Amino acid sequence: MLMDEGTELSLTIAQIVQRLKGSHLHSQIERQAKECLHQPEIKLESLKEDVRSFLKTSGWERKLQNAVYRELHLPPSHPAAPPEHLKEPLAYMRKAQASWEKRVLKSLNSMSTELEVPLARMRPAVEQKELTNKWNEMGTDEPGLETLPRGLAPKRSVLISLRNPNHDSSEDVSVRSHWGLIQVPLNVRDIPQLRRAYSELNLTTGQLGIDDHAHIHPVVVEQDSAAAQQYSRQGCPTGLRADLWALILNSTNQPQDVMHYEQLTAGVIQHDLLVDNLIYKDVKLTASNDDYYFVFEDFLYQVLLCFSRDTAVLDHFKYNSATPPKSYIQGEPMSTSTRAHTPTGVIPFHGFSMYVAPLCFLYNEPSKLYSVFREMYIRYFFRLHSISSSPSGIVSLCLQFERLLQTHLPQLFYHLRQIGAQPLRIAFKWMVRAFSGYLSTDQLLLLWDRILGYDSLEVVAVLAAAVFAFRAENLMEVTSLASAEAVLADLSTLKVMPLIQIFLFATAI
């Protein structure tokens, strides 16, 4: 039975209140409210109003609003018993996700066996001391990478094989819908719908990154998460971006956040995980070889190693179709140490470090960098490597990309399909990384402004389609997948916002 809107809203409010009750912010506000009772302006006859007024003028009300705003923008948990019309779609999506997880787990266990390295172990005291001494210089360490396999990246083939067993594809409205590689019946927005959703990106509205004189609203001073998110839709000024993003994500870097990061660091020093090797190899193969990001190598090790120990990340599995695999720490009783292969339940894959690398341009304090990355991951990035029906999930993004090209550039799509260069074979890697490592950093940050501003990864699929549209003339002349890839090999000179604006608002419908 479906819940009515009122019941659903009440349930959401109750869940948010329950989560906030256990938070550090709740105890801080409670303490402030008690302390203000000793102030002379607080009168017994107007106690409730006076305490509220005090919390408002002292800034605590705004902090609470931002915390509630963050909770509202985290994806909802999957209901224990999904509504009837969602059961089958969730079933086939979750089955595919479970199958993929088994492959990753098998790969990890094989790696553990072949290298004779346990999934997790306590470091000897000498090793702990060595790691402590080189914590800020881990990039100088060169372990043998040759024997290590790369982390299993999300596979396009897994998405291509997805089918809803209860869907009759003969009912699809257009023959073009059979041209693409993604054959699942998900609702994705067309250009008229996208124009309404992304109205702030229209050709007559100023955009930072195009119009440098665009109005700067004092949202950072006001510390208002909702206003910061709305402002980010038209791009963030370079000097304000770090503060605006942290405000949107409600990443405050309070003393308790710094302490949490230090505890995670201590966890890295104490325990060695097999996935640490995957992190090390990934950074070496991706960010360390990137002209923009190689200077941040040490930061990347620190943040990713700490991330792999953060049990708070496990909470995102409440609204993720994935499930964390389990292992145990060598040297500890299994009954007390059974946990995910990483305490986060996230197995890093090839390219994972590129989710962190662009943030290094914004934050030079490790605890702040870590806090913002973790929020970005649990809101957005996890969707790029897990199979779900979410509009921001990688399946929907791939389908939307294909539909946009099929509808608005059918000749190009058909041509590429005929020569064995299906567009998704090229664009998939861009979307899985949210274009990190493909665009120049200044352009990537402008794209990510819009991800945060619209609280959606949908703009990633739009940009992927816009890139093909921009290079359409050259692509119509290619005769093979290799030559199509060559045309699209270098995206570092592209300007993100003009491409998106022209594709959305200057395309004939």
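The values are calculated or read from the model by the stated rules, or taken from the named source; none is laboratory data. All values derive from a computational prediction rather than experimental measurement. All Cβ positions, glycine included, derive from the backbone under ideal geometry; neighbour counts span all protein chains shown. Heavy atoms of the whole protein, side chains included, go into the accessibility calculation; ligands, DNA and RNA do not. Shrake-Rupley method; radii C 1.70, N 1.55, O 1.52, S 1.80 Å.
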Please check which bits of region 449-477 a label hung off residue 506 would reach, taking the label as a point 7 Å along Cα-to-C-beta and the cut-off as backbone N under 17 Å.
463-474
Find out how many positive minus negative residues lie around residue 487, taking Lys and Arg as positive, Asp and Glu as negative, among other residues whose Cβ is under 11 Å from that of residue 487.
-3
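Restrict the search to region 422-495; then list the GluC sites (Glu not before Pro) that DSSP places in a loop and that have at most 15 other Cβ atoms within 10 Å of their Cβ. Present the calculation step by step, with values, prior to reporting the outcome.
Values: sites: 458, 473, 477, 485; in loops: 477.
For GluC sites (Glu not before Pro) across region 422-495 that sit outside H, G, I, E and B with at most 15 neighbouring Cβ atoms in 10 Å, the list reads 477.
Just to confirm, what accessible area per residue do you get for region 353-486 at 1.4 Å probe, in whole Å²? Mind dumping the intermediate values first?
On the way: 3470 Å² over 134 residues.
For region 353-486, the solvent-accessible area averages 26 Å² per residue.
Quick one: length gained pulling residue 254 to residue 157 fully straight, 0.36 nm per residue minus the C-alpha distance?
Numbers: separation 97, 0.36 × 97 = 34.92 nm, distance 4.31 nm.
Difference between extended and current length: 30.6 nm.
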Pop the C-beta distance of residue 129 and residue 262 into the FRET formula with R0 = 25 Å and round what comes out to the nearest 0.05.
0.90
Accessible area (Å², 1.4 Å probe, nearest 10) - residue 101
40
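So if each residue of separation counts as 0.36 nm, and I subtract the Cα-Cα distance between residue 489 and residue 122, what length gain in nm does that give?
Full-extension gain reported as 127.7 nm.
Among the listed pairs 129/284; 281/368; 106/284; 95/318; 284/318, give every one whose C-alpha distance is greater than 27 Å.
Working: 129/284 24 Å; 281/368 24 Å; 106/284 24 Å; 95/318 17 Å; 284/318 32 Å.
In this structure, 284/318 exceed 27 Å between Cα atoms.
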For residue 311 and residue 39, compute 0.36 nm times the residue count separating them, minus their Cα-Cα distance, and round to one decimal in nm.
93.9 nm
Determine the relative contact order of region 397-509: mean sequence separation of Cα pairs under 8 Å and six or more apart, normalised by residue count, in whole percent.
36
